[in-house]
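To keep things clear, I will list the structure first and then write my remarks on it.
The values are calculated or read from the model by the stated rules, or taken from the named source; none is laboratory data. None of these values were measured; they are calculated from a predicted model. All Cβ positions, glycine included, derive from the backbone under ideal geometry; neighbour counts span all protein chains shown.
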Amino acid sequence: MKNQIAEFALPFVEAVLGKKTEGVTVLDVSCLTSVADAFIIGSGRSARQVKAIAEHVRRTLRDKGKKPLSIDGENEGNWVLMDYGDVVIHLFHDSTRRFYDLEGLWLDAPRILKDFIDKKISETVYAEEDDDEFWSKEEDDYEEY
């Protein structure tokens, strides 16, 4: 069951990771509640970033044919809850996440997809470093003229 939930949650996790979301955690809550099978929790450093992450997630999943049952808190950007039925996405401003501590409330829920998330984050970091290297080379080229 754990692998099925991880496989099902994968496109949601990929969408959440698409906008430099920090501290992404996936909880398998299937044995603890009938509300959802998985909670995806992530945060941004500002309300603007949280809103941007939510918008990116909504668009990315819409393009994959997944429509939310509801989205709450998108205008404020402190805590955006995106309900996709079996998967519920919680996007927090850092301070709001620490205050509500969902990971602590759902301590009994197994964490899943940690290796996948770590790999995706490291790929993103390496891609950004490559971009920095590219731009610095270009800048050096211009200085020669």
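If I ask for residues that are part of a loop (DSSP other than H, G, I, E, B) and not charged (D, E, K, R), which ones from the stretch 1-25 would you list?
From the stretch 1-25, those part of a loop (DSSP other than H, G, I, E, B) are 1, 20-21; that's our starting set.
Of everything in the stretch 1-25, those that are part of a loop (DSSP other than H, G, I, E, B) and not charged (D, E, K, R) turn out to be Met1, Thr21.
Among the residues making up the stretch 31-84, those that are of a type in the set (S, T, N, Q) and either within 14 Å of the chain's Cα centre (by Cα) or under 19 Å from Asp101 (Cα atoms) (or both) are Thr33, Ser43, Ser46, Gln49, Thr60, Asn78.
Listed here are the residues, each with its yes/no results for (1) of a type in the set (Val, Ile, Thr); (2) modelled with pLDDT under 95.
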residue	(1), (2)
Gln4	no, yes
Pro11	no, yes
Gly42	no, no
Lys51	no, no
Thr60	yes, no
Asp72	no, no
Trp79	no, no
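Taken together, the residues in the stretch 26-53 that are under 18 Å from Ile112 (Cβ atoms), charged (D, E, K, R) and in a loop (DSSP other than H, G, I, E, B) amount to 1. For the stretch 90-118, filtering for residues that are out of contact with any helix residue (DSSP H, G or I) (no Cβ under 6 Å at 6 or more places or on another chain) and either modelled with pLDDT under 80 or among the hydrophobic types (A, V, I, L, M, F, W, C) (or both) leaves 11. Taken over the stretch 81-104, the criterion of being among the acidic types (Asp, Glu) and surrounded by 15 or more Cβ atoms within 10 Å (Cβ to Cβ) is satisfied by Asp83, Asp94, Glu103. Scanning the stretch 26-58 for residues that are among the hydroxyl-bearing types (Ser, Thr, Tyr) and touching a helix residue (DSSP H, G or I) at 6+ places or on another chain (Cβ under 9 Å) gives Ser30, Ser43, Ser46.
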